[in-house]
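Participant: What follows is a single structure, and I will ask about it in a moment.
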Amino acid sequence: MEPRPGPAEIFRQAFLLAVLVAVAAVAAPLQAQAPQRERTGTPQATGALHTVRTIPEACTRLEGMYTGDPAQPYRLQPVDTAPGCRQRARYVDPAQARPDAGAGWVLDDLVRVPDAACPDRQALVRVWRKPVDQTLELDGQGRVRIYLQDAQKQAAAGQMRELPEYSAQLELAGRCG
């Protein structure tokens, strides 16, 4: 028969547990802000239009360009990839979306675009993704059944399934001159 732990041992274990919980609570938000992917593009010349990132689910391509204008040195804009593309996600303007890890957004990608004319300056493009639960109900045979008439009724009633969302934020880092 093992001896029971004394009050000092119980206090020590409780204290260690409290420290572990506090560390996890602090580390979880910090980890959520780390991008899932991080990459650096090739240095871009002023006036050269280039693709920063393609989001195939949203049928969107993010195009950027160093403008040479001191008021707006870099311009980032979303562009549709193809007219017949079927969206499985939506691209939302960052001013409207306000992507934040606390609101369920995940920092999906961080793309650094260096300025060829000024090596100390780079555009930082943060691509955020807001996932949604897309599990479909299974029938008695364990298969997903989607019937056209039911889908049309849902669409007419405005009860379409929610789509994941993407958004991108631009920030300039470094100085020129």
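The numbers here are math on the coordinates, done by the rules we state, and not lab data. Every value quoted in this text rests on a predicted model; they were computed, and no experiment measured them. As a convention, Cβ positions derive from the backbone with ideal geometry for all residues, glycine included, and neighbour counts pool all protein chains shown.
Participant: Taking 25 Å as R0, compute the FRET efficiency from the Cβ-Cβ separation of residue 48 and residue 169 and round it to 0.05.
Facilitator: On the way: r = 22 Å, r/R0 = 0.87.
Result of the calculation: an efficiency of 0.70.
Participant: OK, next. Determine the sum of side-chain charges near residue 99: Lys and Arg each +1, Asp and Glu each -1, restricted to other residues whose C-beta is under 15 angstrom from that of residue 99.
Facilitator: Working: positive: 53, 90, 98, 126, 129, 130; negative: 93, 100, 108, 109, 165, 171.
Charge balance in the 15 Å sphere: 0.
Participant: Taking 25 Å as R0, compute the FRET efficiency from the Cβ-Cβ separation of residue 176 and residue 38 and round it to 0.05.
Facilitator: Working: r = 23 Å, r/R0 = 0.92.
E(calc), rounded to 0.05, equals 0.60.
Participant: What full-extension length gain, to one decimal in nm, is calculated for residue 95 and residue 69 as 0.36 nm per residue of separation minus the Cα-Cα distance? Mind dumping the intermediate values first?
Facilitator: Details: separation 26, 0.36 × 26 = 9.36 nm, distance 2.22 nm.
Result: 7.1 nm gained on full extension.
Participant: Mind ranking 136-149, 114-127, 52-65, 74-87 by how tightly packed they are, going by the mean number of other C-beta atoms within 10 angstrom, highest first? Show your work: numbers first, answer last.
Facilitator: Details: 136-149: 7.9, 114-127: 17.4, 52-65: 19.4, 74-87: 12.8.
My ranking of the peptides, most packed first, is 52-65, 114-127, 74-87, 136-149.
Participant: If you don't mind, there's one more thing I want to ask. Mind listing the phi-derived Karplus ³J(HN,Hα) values for the stretch 45-54, rounded to whole Hz, using 6.51, -1.76 and 1.60 with θ = phi - 60°, and x for any glycine or proline?
Facilitator: 7, 5, x, 8, 6, 9, 7, 8, 7, 9
Participant: Under a Cβ-Cβ cut-off of 11 Å, what is the net charge of the residues other than residue 175 that fall near it, where Lys and Arg count +1 and Asp and Glu count -1? Walk me through the intermediate numbers first.
Facilitator: On the way: positive: 121; negative: 115, 120.
Around residue 175, the surrounding residues sum to -1.
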